[in-house]
Amino acid sequence: MILKVSELFDTCNSGGWITKGTTQYKLVDGTLYFQCSDGKEDWRRNFAFPAVPYKRMKNKFLVHAGFLSAWKEVRDEIAQLDFNRIVGYSHGAALALLACEDRAYNGVNVPTFVFGCPRTFFMPPARIRALLARVKRYTSDGDIVTKVPPAILGFRHVGENNLLKGKVKQGDDSWLVFLSRHSPSVYRQRLAGR
């Protein structure tokens, strides 16, 4: 089944989540989805430092420790699932990247779509950038979440960026949320027709 990018985003922002610890995911028609920040624990994790993702790594790299903590809650369950696409938004986008890296490391390339993704990898080596080169990253022009953690601290984006531009209306968002350019309503408006 071929879905529009806007349909992937909408499904990623609807209910039906499976919760393990504080991490939420769901499997819908062969697509694995990760939910955005939902609660104080997710927000606390959003402000963590780099960490090595796996013990006894031959080729070490670092990732955002908070996202890694959330990923480790569900990694074993996810490894048992059968899916052919990964999607995430915001905090869930970082988890989608870690799921994509895990599958790619194990020899399975899964198309991955992330929206409003914060920087997840700390100075990623060429091998990691190559593993994740086909990730489709969608960034709303001016989205502040996609600018953290700061690049000056060594965090980098991976994958192919698709910048979403265009006029948007405030709608039900507060002014602060609307001005962040990170809200689901801003992404929906800018993804219209895609």
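I'd like the full set of residues that are part of a helix (DSSP H, G or I) and under 18 Å from Asn161 (Cα atoms), limited to segment 90-99. Step through it out loud before you land on a result.
Restricting attention to segment 90-99, the residues satisfying the condition of being part of a helix (DSSP H, G or I) are 91-99.
Hits for segment 90-99 are His91, Gly92, Ala93, Ala94, Leu95, Ala96, Leu97, Leu98.
Among (1) buried (at least 19 other Cβ atoms within 10 Å of the Cβ); (2) touching a Leu at 6+ places or on another chain (Cβ under 9 Å); (3) in contact (Cβ under 8 Å) with a residue 40 or more places away in the chain, which single condition is Thr139 missing?
The failed condition is (3).
If a residue must be in contact with an Asp or Glu (Cβ under 8 Å, 6 or more places away or on another chain), in contact (Cβ under 8 Å) with a residue 60 or more places away in the chain and surrounded by 23 or more Cβ atoms within 10 Å (Cβ to Cβ), how many such residues does segment 116-136 contain?
Matching residues across segment 116-136 total 1.
Which of the numbered conditions does Pro118 fail, given that it passes all the others? Conditions: (1) out of contact with any helix residue (DSSP H, G or I) (no Cβ under 9 Å at 6 or more places or on another chain); (2) part of a loop (DSSP other than H, G, I, E, B).
Pro118 satisfies every listed condition except (1).
What pairs come up if the first residue lies in segment 62-80 and is more than 14 Å from Gln24 (Cα to Cα), the second is among the hydroxyl-bearing types (Ser, Thr, Tyr) and crowded, with 17+ Cβ neighbours inside 10 Å, and their beta carbons are under 8 Å apart, counting only those six or more places apart or on different chains?
Val63/Thr120; His64/Thr120
What residue, among those in segment 95-115 that are in contact with a helix residue (DSSP H, G or I) (Cβ under 8 Å, 6 or more places away or on another chain) and among the small types (Gly, Ala, Ser), is modelled with the lowest pLDDT?
Ranking the candidates gives Ala104 first.
Identify all residues within segment 100-115 that are crowded, with 24+ Cβ neighbours inside 10 Å and part of a helix (DSSP H, G or I); write none if there are none. Before the answer, list the steps.
Filtering segment 100-115 down to residues crowded, with 24+ Cβ neighbours inside 10 Å leaves 100, 112-115.
Passing the criteria: only Cys100.
Restricted to segment 161-179, and to residues that are over 17 Å from the mean Cα position of the chain (by Cα) and either of a type in the set (A, V, I, L, M) or under 18 Å from Lys147 (Cβ atoms) (or both), which residue is surrounded by the most Cβ atoms within 10 Å (Cβ to Cβ)? If you could, list the steps in order and put the result at the bottom.
Of segment 161-179, the ones over 17 Å from the mean Cα position of the chain (by Cα) are 165-179.
This time we only want the ones that are either of a type in the set (A, V, I, L, M) or under 18 Å from Lys147 (Cβ atoms) (or both), so: 165, 168, 176-179.
Details: Lys165: 10, Val168: 20, Leu176: 8, Val177: 15, Phe178: 17, Leu179: 14.
Here the residue is Val168.
Within segment 43-89, track down each residue that is in a loop (DSSP other than H, G, I, E, B), in contact with a Pro (Cβ under 8 Å, 6 or more places away or on another chain) and modelled with pLDDT of 95 or more.
As a first pass, look at segment 43-89 and keep what is in a loop (DSSP other than H, G, I, E, B): 46-49, 52-61, 80-84.
If we keep only those that are in contact with a Pro (Cβ under 8 Å, 6 or more places away or on another chain) as well, we get 46, 59, 61, 84.
If the condition is that a residue be in a loop (DSSP other than H, G, I, E, B), in contact with a Pro (Cβ under 8 Å, 6 or more places away or on another chain) and modelled with pLDDT of 95 or more, then Asn84 is the only one that fits.
Are any residues in segment 129-175 of a type in the set (A, V, I, L, M, F, W, C), in a loop (DSSP other than H, G, I, E, B) and touching a Ser or Thr at 6+ places or on another chain (Cβ under 7 Å), and if so, which ones?
Just the residues of segment 129-175 that are of a type in the set (A, V, I, L, M, F, W, C), to begin with: 130-133, 135, 144-145, 148, 151-153, 155, 158, 163-164, 168, 175.
From the residues that got through so far, the ones that are in a loop (DSSP other than H, G, I, E, B) too are 132-133, 135, 148, 158, 168.
Once the filter is applied, which keeps residues that are of a type in the set (A, V, I, L, M, F, W, C), in a loop (DSSP other than H, G, I, E, B) and touching a Ser or Thr at 6+ places or on another chain (Cβ under 7 Å), segment 129-175 yields only Val135.
Of all the residues that make up segment 136-175, how many are more than 24 Å from Leu62 (Cα to Cα) and of a type in the set (Val, Ile, Thr)?
Qualifying residue count, segment 136-175: 1.
The values are calculated or read from the model by the stated rules, or taken from the named source; none is laboratory data. Everything quoted here is computed from the prediction, not taken from an experiment. Positions of Cβ are backbone-derived with ideal geometry, glycine not excepted, and every protein chain shown enters the neighbour counts.
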